[in-house]
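Report on the structure given below.
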Amino acid sequence: MKKIYYRSIDFTKVDTLVYHLPDGPTLSVELEGLEDFIDFDTEIGDICDTSDIDGVVHFFPKGNA
């Protein structure tokens with residue numbers, strides 16, 4: 001089953017976005033001031049929102065999820 005939309009993420013709780021690239025490497029981005037530029041609705045992949053616990057959102061693009 002394909003997800004059409006994600007639950008909205010409260011970016012006031014997010015400090016870091018971890019983008020899991022294919023073949024294992026990750027890209028970590030501090031979100032201070034970048035919240036308005038991120039739109040998960042247009043991305044294809046899976047999201048793991050642990051912002052309530054540690055302030056991090058993990059994004060796994062399609063093909064790497």
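Values quoted throughout were computed directly from the atomic coordinates according to the rules given, and no laboratory measurement underlies them. Quick caveat, the model's predicted, so the values are computed rather than measured. Positions of Cβ are backbone-derived with ideal geometry, glycine not excepted, and every protein chain shown enters the neighbour counts.
In terms of packing, defined here as the mean over residues of other Cβ atoms within 10 angstrom, the peptides 19-32, 45-58 line up highest first as 45-58, 19-32.
Taking a sphere under 10 Å around the Cβ of Asp52 and counting the other residues whose Cβ falls inside, with K and R at +1 and D and E at -1, yields a net charge of -2.
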